[in-house]
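Written out below as structure tokens is the structure these notes cover.
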Ligand SMILES: [Zn+2]
């Protein structure tokens, strides 16, 4: 699974809950161009987490590094994207796993 963030392909990786998931449902690695999502989350929560991490990436690639660290802003924009657009193509294969 890939997503283009400002024209740069980022790999979406689902992984076990082995990083700080109390506050973070996902992570973005700017250098590796990877987004990691907690695979134990329900599908819709993974989808929301993906939108959140994409917003982090967009802000960084646009040079808004300080804004990218504002989790409240990132979460708000991520929710807006999640509720406004269908980016399920990023999760095409995973949708089949949903009940
Ligand atoms: Zn965040």
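The values are calculated or read from the model by the stated rules, or taken from the named source; none is laboratory data. Bear in mind that the values here come from a model prediction, so they are computed numbers and not experimental data. Using ideal geometry, Cβ is built from the backbone for each residue, glycine included, and neighbour counts are taken over all protein chains shown.
The set of residues in region 15-29 being more than 20 Å from residue 72 (Cβ to Cβ) and modelled with pLDDT of 90 or more consists of 29 alone.
Among the residues making up region 49-67, those that are surrounded by fewer than 20 Cβ atoms within 10 Å (Cβ to Cβ), touching a residue at least 24 places away in the same chain (Cβ under 8 Å) and part of a helix (DSSP H, G or I) are 58, 60, 61. The set of residues in region 51-69 that are farther than 17 Å from residue 84 by Cβ and more than 11 Å from the ligand (Cβ to nearest atom) comprises 60, 61, 62, 63, 64, 65, 66, 67. Within region 68-86, the residues that satisfy the criterion of being under 15 Å from residue 53 (Cβ atoms) and assigned to a helix (DSSP H, G or I) are 68, 71, 73, 74, 75, 76, 77, 78, 79, 80, 81, 82. Evaluate the following for residue 32: is it more than 12 Å from the ligand (Cβ to nearest atom) and assigned to a helix (DSSP H, G or I)? Here the answer is no, as residue 32 does not meet what is asked.
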